[in-house]
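> Submitted below is the structure of interest, expressed as structure tokens.
The values are calculated or read from the model by the stated rules, or taken from the named source; none is laboratory data. Treat the numbers as computed from the prediction; the structure is a model and nothing was measured. When we count neighbours, we look across all protein chains shown, and the Cβ atoms used for this are built from the backbone with ideal geometry, even at glycine. When the accessible area is computed, the model is the full protein with side chains, heavy atoms only, and any ligands, DNA or RNA have been set aside. Shrake-Rupley method; radii C 1.70, N 1.55, O 1.52, S 1.80 Å.
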Amino acid sequence: MIDQELKVSLGVDSIRDDFPALHQEVYGRKLIYFDNGATAQKPQTVIDSINHYYSKENANIHRGVHFLSQQATDKYEQARRTIQSYINAPREEEIIFTKGTTDGINLVAFAFGETLHEGDEIIISAMEHHSNIVPWQMVCERKGCQLKVIPINEKGELKMEAFKELISERTRLVSITHVSNTLGTINPVKEIIEIAHKNGAKVLLDGAQSIQHMKVDMQELDCDFYAFSGHKVFGPTGVGVLYGKKEILDSMPPYQGGGDMIEKVTFEKTTYNVLPFKFEAGTPNIAGGICLAKSFEYLEKLDITLVEQYERHLVEYAEEKLLKIPGMRIIGTADNKTSVVSFVIEGLHPFDIGTLLDKQGIAVRTGHHCTQPIMEEFGIPGTVRASFAFYNTTEEIDTFIQALERSINMLQ
Amino acid sequence: MTLEEKQKEIIDEFAVYDDWMDKYEYIIELGKDLPIIDEALKTNDRIIEGCQSKVWLDSKFEDGVMKFTADSDAIIAKGIIGLLIRVLNNEKPESIATCDLHFINEIGLQEHLSPTRANGLASMVQKMKLSALKAISN
Ligand SMILES: Cc1ncc(COP(=O)(O)O)c(C=O)c1O
């Protein structure tokens, strides 16, 4: 049994013991958490580190002469290096702490956006999260740039031929999700990056749904920017990372002004600090940064290729079972996909299904998942989405399928 | 029956269910009694658009009382609307505008009426109260 073998090799049972949130009841039933795409649960080490930070280590960083401040500064900067090493970024100053993916994309949209001119083009795709659409619309409005959208096919894959036609010497930036939060599609980002670079365009990858599921290596990918959220990688909310290539970050003006980001302030002229501080105005989420490093330390201990295989297996297992249900339509059937199963059932509203699953202890998400253009593309109001993490099991999927069948019976 | 008595009746009906799924089974049943809005009245100005399910609501002031009809594309939403209309239908606008719909909390459906849930039901209650206020001022 491939299933059991993978599960044992990865150590899923002991992994589950590390995540206290998985062991509870809701509405009198065992919780099954299939909403990992929205946010992931946290291992005990991350939770403990938050408690420890505020119990013993709390101090402001980068400016104190005292012991606690120095210690917090060291830990915060060490966290930066832990993340740098995990994603194999060449330099530590290329790791900018943000509030999350949305914040990282907005940073680039503003600061890189300042270097754009009328007539310049930005390419995104039809499967982007609203946070990788709206900031670019705002840049286009501000700068007179054009937004171009790569269409998707009926399986939920990018139409690469269309991309090759859209890109030109006018393209300054391609901003694409690495993995779709609604469809699970893994985009061919290496190819996109190569094509973009040949045309002199930079590439931002929205890594909100990829870093927790696969190996991401900045030097191998060669992307120019990569943004992700801490809370989706088993870390705290309110913290995230933007990776950017040093020479590009250096060429961009600051995003926000304030403390920490300056070198010298006078009323005549202010000069800015070096990277990464130029983009980190104000007191950052210190606990967030330090504790996010703990989730990468946790991930380091797992074999990420096994995680990938196991999660793919979960998706295939779930899809096979789901397809036996009459009226089932899976939205997002890309050849290369992971961790997400979105579906609709003919004649039934996703909200009804989600509500009844919830009452049976199963957390899924329903609606448009902040990707309204995808819903329009598929002609549906929304989907039910189950999104998995490495602590989920095929046994949980069996229970989910039973609960789903019961819900359908009630609604029909 | 007074508005208060209707709330009490619903609370009693729900008291027999201690399992959530049974409760919802009953809500789905109740959706079938909902006074359905005329197809012709399903116009854009009668839609209460939430993030998830769509709700149509029509209100009329007739013979001194309010009359509501509604529909939704989601079955559970229909059941909950059915409950709200059962309580508020044929009531004087004054009682509707000032009533406290405590039965929702007591039968454990408050999650659906929370404004952040964005499924249209919270705005539906608001719309019913506003139409009652309008009837009073006219
Ligand atoms: C693909 C994608 N991009 C961006 C985001 C936004 O992430 P956050 O809300 O953490 O900034 C999400 C979160 O749902 C996402 O799935």
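> Give the stretch A:212-234 a look and list any residue that's among the aliphatic types (A, V, I, L, M) and assigned to a strand (DSSP E or B), or say none.
The one that is among the aliphatic types (A, V, I, L, M) and assigned to a strand (DSSP E or B): A:ALA227.
> When you scan the stretch A:330-345, how many residues do you find that are closer than 13 Å to A:THR383 by Cβ and not aliphatic (A, V, I, L, M)?
4
> In the stretch A:235-260, which residues are within 13 Å of the ligand (Cβ to nearest atom) and not in a strand (DSSP E or B)?
Selection gives A:GLY235, A:PRO236, A:THR237, A:GLY238, A:VAL239.
> With the stretch A:337-412 as the region, which helices (runs of 4 or more DSSP H) entirely inside it contain at least 2 residues that are closer than 26 Å to A:MET214 by Cβ, open to solvent by 30 Å² or more (accessible area, probe 1.4 Å) and more than 14 Å from chain B (Cβ to nearest Cβ)?
Of the helices (runs of 4 or more DSSP H) lying wholly inside the stretch A:337-412, those with at least 2 residues that are closer than 26 Å to A:MET214 by Cβ, open to solvent by 30 Å² or more (accessible area, probe 1.4 Å) and more than 14 Å from chain B (Cβ to nearest Cβ) span A:372-378, A:394-411.
> Looking at this structure, is A:GLY37 within 16 Å of the ligand (Cβ to nearest atom), part of a loop (DSSP other than H, G, I, E, B) and open to solvent by less than 20 Å² (accessible area, probe 1.4 Å)?
yes
> Now, a different point. What number of residues in the stretch A:369-412 are under 22 Å from A:GLY156 (Cβ atoms), acidic (Asp, Glu) and touching a residue at least 12 places away in the same chain (Cβ under 8 Å)?
Number of matching residues: 1.
> Considering only the stretch A:99-109, I want to know if a residue exists there that is of a type in the set (S, T, N, Q), crowded, with 18+ Cβ neighbours inside 10 Å and away from the ligand (no atom under 16 Å from the Cβ).
Scanning the stretch A:99-109, I find no residue that is of a type in the set (S, T, N, Q), crowded, with 18+ Cβ neighbours inside 10 Å and away from the ligand (no atom under 16 Å from the Cβ), so the answer is no.
> Restricting attention to the stretch A:57-76, which residues are within 29 Å of the chain's Cα centre (by Cα) and without any contact (Cβ under 8 Å) to a residue 12 or more places away in the chain?
Hit for the stretch A:57-76 is A:ASP74, nothing else.
Let's see how each residue does on (1) without any contact (Cβ under 8 Å) to a residue 24 or more places away in the chain; (2) more than 30 Å from A:ILE408 (Cβ to Cβ); (3) away from chain A (no Cβ under 14 Å):
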{"site": "B:GLU39", "(1), (2), (3)": "yes, no, yes"}
{"site": "B:ASP58", "(1), (2), (3)": "yes, yes, yes"}
{"site": "B:GLU91", "(1), (2), (3)": "no, yes, yes"}
{"site": "B:GLU94", "(1), (2), (3)": "no, yes, yes"}
{"site": "B:ALA97", "(1), (2), (3)": "no, yes, yes"}
{"site": "B:GLY108", "(1), (2), (3)": "no, no, no"}
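> Tell me whether the stretch A:130-139 contains one or more residues that are away from the ligand (no atom under 16 Å from the Cβ) and free of Cβ contacts under 8 Å to residues at least 24 places away in the same chain.
Scanning the stretch A:130-139, I find no residue that is away from the ligand (no atom under 16 Å from the Cβ) and free of Cβ contacts under 8 Å to residues at least 24 places away in the same chain, so the answer is no.
> May I ask you to say which residue of A:GLY238, A:GLY230 is open to solvent by 20 Å² or more (accessible area, probe 1.4 Å) and of a type in the set (Gly, Ala, Ser)?
Testing whether each residue is open to solvent by 20 Å² or more (accessible area, probe 1.4 Å) and of a type in the set (Gly, Ala, Ser) leaves just A:GLY238.
> Is there any pair with a first residue in the stretch A:1-26 that is free of Cβ contacts under 8 Å to residues at least 24 places away in the same chain and of a type outside the set (Phe, Trp, Tyr) and a second that is surrounded by 14 or more Cβ atoms within 10 Å (Cβ to Cβ) and part of a loop (DSSP other than H, G, I, E, B) whose Cβ atoms are under 6 Å apart and which are 6 or more apart or on different chains, and what are they?
A:ALA21/A:GLN41; A:GLN24/A:LEU31
> Could you please give the count of residues in the stretch A:155-193 that are open to solvent by 10 Å² or more (accessible area, probe 1.4 Å), in contact (Cβ under 8 Å) with a residue 12 or more places away in the chain and over 22 Å from the mean Cα position of the chain (by Cα)?
Number of matching residues: 9.
> Across the stretch B:21-37, which residue is farthest from A:ALA403 (Cα to Cα) among those that are open to solvent by 30 Å² or more (accessible area, probe 1.4 Å) and within 14 Å of another protein chain (Cβ to nearest Cβ)?
B:LYS32
> Taking the stretch A:275-302, which residues are in contact with a strand residue (DSSP E or B) (Cβ under 8 Å, 6 or more places away or on another chain) and part of a loop (DSSP other than H, G, I, E, B)?
Hits for the stretch A:275-302 are A:LEU275, A:PRO276, A:GLU280, A:PRO284, A:ASN285.
> If you don't mind, another one. Exactly one of (1) of a type in the set (Phe, Trp, Tyr); (2) over 12 Å from the mean Cα position of the chain (by Cα); (3) under 18 Å from B:LYS6 (Cβ atoms) is unmet by B:PHE103. Its number?
Every listed condition holds for B:PHE103 apart from (2).
> If you don't mind, there's one more thing I want to ask. Of all residues being buried (at least 24 other Cβ atoms within 10 Å of the Cβ) and farther than 14 Å from A:ASN36 by Cα in the stretch A:202-217, which is nearest to the ligand (Cβ to nearest atom)? Just the residue, please.
That would be A:ASP206.
> Restricting to the stretch A:163-190, name every residue that is in a helix (DSSP H, G or I), within 26 Å of A:ARG385 (Cβ to Cβ) and more than 15 Å from the ligand (Cβ to nearest atom).
A:PHE163
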